[in-house]
Amino acid sequence: YKSMSIFFKIFSALFSMRFMAFLLLLFFVAIGYATFIENDFGTQTAKALIYNAKWFEIIIALLTLNMFYNIKRYGLWNRKKIPVLIFHLAFIVITIGAGITRYVSYEGMMHIREGEMSNQIISDQTFLQIKIHDQQHQYTHDKNLILHNYNGPFSFLKSNNFSHNVSFKNNNINIVYEDYIPNVRDTLLIGSGGRVIHIVMAGKNGRENFYLREGAAEQFLGINFSFGKIIPGYINFFLDDENNLMIKSPQNGSFMRMADQFTGQVFKDSLQPVMLRSLYQILGQSIVIPNYYEKAEIKYFSDENKKDQELSDLLIINVINNGKTKKVELFGDKGFVSVKNKFQIDDLFFSLSYGSKYYNTPFYIKLNDFQLERYPGS
């Protein structure tokens, strides 16, 4: 009888009007504060701290159960109470719809050119995509990550820290979070470190500097580059046997040496020496390689993501395999399917990336015609 009495007391407290009013107040305070967070730190941060938080989901679930219980307890089926009934049913229907969107469906963007069709969506969510193999068997996992750069008074609600353990054929693998830098910019410290190529491109905000270290594959202003490994569709840089810097372009292009106005052609898929301090025209973009450094170190910092800029985020993780640790830097962002970072530890091959991923829909959408009309003042 004592346990039953305690149960009924807890039940009465959870479904009391006082507790429901408290939940509603907490709900409105949370979404109100989320609006300020979203305005100052972005949608991703608002989702991480509030909208996708477990405690927020529990509040909504308890409110929904309260709505169901109050319909029965107060007999809201009565004609005189229809306005109150409609309020309760509307909240329940909205919650059910939000639950389906949250747990069953997926959101994203589909890019279609005029006259073409597509069945691929780039996910709205970001993932740490993990692939591990030993040339015989493979392990794959997509870990959904909602990272944020909020450091205000409620940052304790959601930490970016995570770890992912994998037991793969007698190998104890642990992937551990180290740091997250949103809207990442880089700067170069010359004199220590490894090989780095300095790349200058013409962006929407004028001259923009980028740095590509050996062994990396990255995207700058929509153009894919790699240094030290050949990737189809990329502008590939690598060193020949005499340590000369070479270029391999996926399309024909041209260059002009700025010192003496000497011009030449870049031929598709051919190996050619890089002409430093020359203006390349490749893939519709102006590219200059001012310098190549034998020893340089790239440092990263967070910058303001101004309008029309395409700044990626940087996720830094440590991959530990049987006691051996490798630090891995992954560039990516929502709406951006990033390049796989491939490396080897002992006899295992790893392929990691951070950002959005592709979903294949069971149908195709074809864009027959596209028209853009501009109105005065728009």
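The values are calculated or read from the model by the stated rules, or taken from the named source; none is laboratory data. All of these numbers come straight from a predicted model, not from anything done at the bench. So basically every Cβ, Gly included, is an ideal-geometry build from the backbone, and we count neighbours across all protein chains shown. Note: accessible area is taken over every heavy atom of the protein model, side chains too, but ligands, DNA and RNA are not part of it. Shrake-Rupley method; radii C 1.70, N 1.55, O 1.52, S 1.80 Å.
Computed values, structure above
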{"quantity": "Residue in the range 67-79 that is under 41 Å from the mean Cα position of the chain (by Cα) and open to solvent by less than 70 Å² (accessible area, probe 1.4 Å) present", "calculated": "yes"}
{"quantity": "Matching residues, the range 251-280, being farther than 16 Å from LEU212 by Cβ, surrounded by 13 or more Cβ atoms within 10 Å (Cβ to Cβ) and either under 30 Å from the mean Cα position of the chain (by Cα) or among the aromatic types (Phe, Trp, Tyr) (or both)", "calculated": "GLN251, PHE255, PHE267"}
{"quantity": "Test for PHE220: is it open to solvent by less than 40 Å² (accessible area, probe 1.4 Å), under 25 Å from the mean Cα position of the chain (by Cα) and in contact (Cβ under 8 Å) with a residue 12 or more places away in the chain", "calculated": "yes"}
{"quantity": "Pair list, Cβ under 8 Å, 6 or more apart: the range 24-36 residue closer than 14 Å to ALA61 by Cβ, other residue modelled with pLDDT of 90 or more and open to solvent by 40 Å² or more (accessible area, probe 1.4 Å)", "calculated": "PHE27/ILE60"}
{"quantity": "Top-ranked residue in the range 39-65 [being assigned to a helix (DSSP H, G or I) and more than 23 Å from ILE100 (Cα to Cα); ranked as least open to solvent (accessible area, probe 1.4 Å)]", "calculated": "PHE41"}
{"quantity": "From ASN171, ASN161, residue being surrounded by fewer than 18 Cβ atoms within 10 Å (Cβ to Cβ), among the polar types (S, T, N, Q) and in contact with a Phe, Trp or Tyr (Cβ under 7 Å, 6 or more places away or on another chain)", "calculated": "ASN161"}
{"quantity": "Residues (part of a strand (DSSP E or B) and without any contact (Cβ under 8 Å) to a residue 24 or more places away in the chain) located in the range 257-278", "calculated": "ARG257, PHE262, THR263, GLY264, GLN265, VAL266, LYS268, SER278"}
{"quantity": "Matching residues in the range 105-131 - criterion: being in contact (Cβ under 8 Å) with a residue 12 or more places away in the chain and part of a loop (DSSP other than H, G, I, E, B)", "calculated": "TYR106, GLU107, MET110, ILE112, ARG113, GLU114, GLY115, GLU116, ASP124, GLN125"}
{"quantity": "Per-region count, the range 174-203, residues assigned to a strand (DSSP E or B), open to solvent by less than 30 Å² (accessible area, probe 1.4 Å) and over 22 Å from ASN244 (Cα atoms)", "calculated": "6"}
{"quantity": "Residue among PHE19, PHE91, PHE27, PHE15 that is touching a Leu at 6+ places or on another chain (Cβ under 9 Å) and at pLDDT 90 or above", "calculated": "PHE27"}
{"quantity": "Scan of the range 204-217 for residues that are touching a residue at least 24 places away in the same chain (Cβ under 8 Å), more than 21 Å from TYR293 (Cβ to Cβ) and either of a type in the set (S, T, N, Q) or assigned to a strand (DSSP E or B) (or both), ordered by number", "calculated": "ASN205"}
{"quantity": "Strands (runs of 3 or more DSSP E) contained entirely in the range 292-370, each with at least 2 residues that are open to solvent by 90 Å² or more (accessible area, probe 1.4 Å)", "calculated": "324-332, 341-345, 358-366"}
